[in-house]
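Working notes, beginning with the structure itself.
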Amino acid sequence: MYVVTINQRDTRAAGDRVDDLVRALEDLPTASAFRRSVADEAIGILTEPAAVVTAALTALRERRWNVGIGVGSLHEPLPEELDDVRGPAIVHARRAVTAAQKIGERVPLVVAGPDPDLAAEAEAVLRLLGHLVAHRTAAEWAVVDLLVPGVRGQHKDIGAALGITSQAVSKAVLRAQAKEEWAARPAAARLLGLLHAS
């Protein structure tokens, strides 16, 4: 299991945004859907590493969240209440999000699990991806949000939808490093899977 704990960095300045985050994550496949746990924090329990990557990058895109990913087992069946969830994965997630809160200006994501070396490798790849998504401009996101990975010939349609040229779309894709993100996501998921298997 993967426990993803996400808490807000800027609650005082921006107000509580947890409900918005939960809505942004509601379509992900989960064993226990993301929901508010306490105050300005949400927790979700997932079984698929690719969904963990998506959850983490969705949060990091906004630059207002600390992300802790805990990998390991949980006592099953999973209880209805988050407070009743027990097992190493929830302990790792709590430790990870607490560490993420102390990171400062770096990408606030930490991975914890049974193998510290594999956790560090997964964390490193996820932080690089997090840096990419957190530093895109609104104009770049407007393009990236319309892209479908691996589909050719979409730049013209995206340009028409946004009122820009296909060349401008191509430049935005390059600046946003969207292809690099899509190429690296499976590596992050694979490392999380290896960590789970350890």
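The values are calculated or read from the model by the stated rules, or taken from the named source; none is laboratory data. Given the structure is predicted, the values throughout are model-derived calculations rather than measurements. Neighbour counts run over all protein chains shown; Cβ positions are idealised from the backbone, glycine included. Side chains are part of the model used for accessible areas, which takes the heavy atoms of the whole protein and leaves out ligands, DNA and RNA. Shrake-Rupley method; radii C 1.70, N 1.55, O 1.52, S 1.80 Å.
Per-structure values
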quantity: Calculated FRET value between Ala160 and Asp20, using beta carbons and R₀ = 30 Å, to 0.05; calculated: 0.50
quantity: Pairwise FRET efficiency - Trp141 versus Arg36, Cβ, R0 = 22 Å, nearest 0.05; calculated: 0.30
quantity: Computed P(r) (all Cα pairs; segment 5-105; 10 Å bins; percent); calculated: 16, 53, 28, 3
quantity: Distance between modelled label sites at Asp10 and Arg86, nm, 7 Å Cα→Cβ extension; calculated: 4.0
quantity: Proximal lysines relative to Lys171, as straight alpha-carbon distance under 24 Å, when same-chain residues fewer than 8 apart are discounted; calculated: Lys156, Lys179
quantity: FRET efficiency for Asp115 and Ala183, using Cβ-Cβ distance with R0 set to 25 Å, rounded to 0.05; calculated: 0.55
quantity: Compactness relative to 2.2 N^0.38 Å, alpha carbon Rg of the chain; calculated: 1.05
quantity: Fraction of accessible area attributable to carbon and sulfur, segment 75-167 (%, probe 1.4 Å); calculated: 56
quantity: Span per principal axis, largest first, for the Cα atoms of segment 52-159 (Å); calculated: 50, 33, 25
quantity: Point-to-point label distance, Arg190-Leu78, nm (Cα→Cβ direction, 7 Å offset); calculated: 2.7
quantity: Check: the chain dipole with +1 on Lys, Arg Cβ and -1 on Asp, Glu Cβ, in debye; calculated: 760
quantity: Heavy-atom accessible area per residue - segment 46-177, 1.4 Å, Å²; calculated: 52
quantity: Within a Gaussian network of the chain (alpha carbon springs, distance under 10 Å), most fluctuating of Arg36, Arg127, Arg86; calculated: Arg86
quantity: Listed residues Ala31, Gly70, Ile45: farthest to the positive end of the dipole of segment 1-159 (Cβ charges); calculated: Gly70
quantity: For the chain, built as a Gaussian network whose Cα springs stay under 10 Å, the top-fluctuating residue of Gly15, Gly130, Gly70; calculated: Gly15
